Amino acid sequence: MSDKDSKKKQEKEQAQETVAQSEENGQEQVQTETEEQETATENTTEAELAEMKDKYIRLMAEFENFRRRTAKERIDLSKTANQDLMGELLPVLDDMERARHSMEATKDVDAMLQGLELVFHKLKQVTQTKGLKAMDIKAGADFDADMHEAVTQIPAPSEDLKGKIVDVIEKGYTLNDKVIRFAKVIIGA
């Protein structure tokens, strides 16, 4: 081999070594960059996780405060509702006291009945404005377990009253279309 050939061979080997070194350096750089990206991704993920945990804790605290506040408001509302009803019943109570005092002083039965009738009308009006309604039940109506309470069962006076209401012992009442006291009835057997 000649000098030229050996120089070319040497240059070729050096070029190959340079390429191999640059490839190794490139792989190291790629590896370093990959590690840096993984570290950055882990840091980002940890930050996102911490942020989500913080949001979760705050949301739970906010919900707990909401639950306590609504429970307190519900209690306050029921107290206020009772206060409103009692405020409207006070004039009726005053009228009842006046009627009792006038009964002691007077012997006029007609005047006492008129006074009692006025007080009764006033009480009925207050309860109706609050949504209280008496159930209208007549003898001979069908028995409805959702509205009536059967106190007893008697032999039906006639065939058409079997399984129907024979007599009403106590009126039933609804408050805003919800039964608050079932009508006590006697049904025919």
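Read the figures in this text as sums done on the coordinates, not as results from a lab. If you're wondering where the values come from, they're calculated on a predicted model, not measured in any experiment. Neighbour counts run over all protein chains shown; Cβ positions are idealised from the backbone, glycine included.
The charge dipole of segment 33-82, taken about its Cα centre with unit charges on the Cβ of Lys, Arg, Asp and Glu (plus for the first two, minus for the last two), comes to roughly 1220 debye.
Of all DSSP beta bridges in the chain, what percent run antiparallel (nearest 5)? In the chain, DSSP labels about 60 percent of beta bridges as antiparallel.
For Leu77 and Leu132, a Förster radius of 22 Å and the Cβ-Cβ distance give a FRET efficiency of 0.70, rounded to the nearest 0.05. With point charges of +1 on the Cβ of Lys and Arg and -1 on the Cβ of Asp and Glu, referenced to the Cα centre of segment 131-189, which listed residue (Ile165, Val151, Ala189) lies farthest in the positive direction of the dipole? It is Val151, whose Cα lies furthest towards the positive end.
The Cβ shell under 11 Å around Lys171 holds other residues with a net charge of +1, Lys and Arg each +1, Asp and Glu each -1.
Direction-averaged projected area, Cα convex hull, segment 131-189: 3.5 nm², rounded to one decimal. Here the Karplus curve 6.51 cos²θ - 1.76 cosθ + 1.60, taken at θ = phi - 60°, turns the phi angles of segment 142-149 into couplings of 5, 6, 10, 5, 7, 10, 10, 10 Hz, with x standing for Gly and Pro.
Note on Ala139 and Glu51: their simple-model spin labels are 8.0 nm apart, each label 7 Å out from Cα toward Cβ. For the chain, the longest principal axis of the Cα atoms and the long axis of helix 109-129 meet at an angle of about 20 degrees. In the chain, with Lys and Arg counted as +1 and Asp and Glu as -1 at Cβ, which of these residues, Asn43, Ile137, Ser102, has the Cα nearest the positive end of the dipole, that is, farthest along it? The one lying farthest along the dipole's positive direction is Ser102. Using bins 10 angstrom wide from zero, how does P(r) for the chain break down, in % of all Cα pairs? Percent of Cα pairs in each bin: 7, 13, 13, 14, 10, 6, 6, 6, 5, 5, 5, 4, 4, 2, 1, 0.
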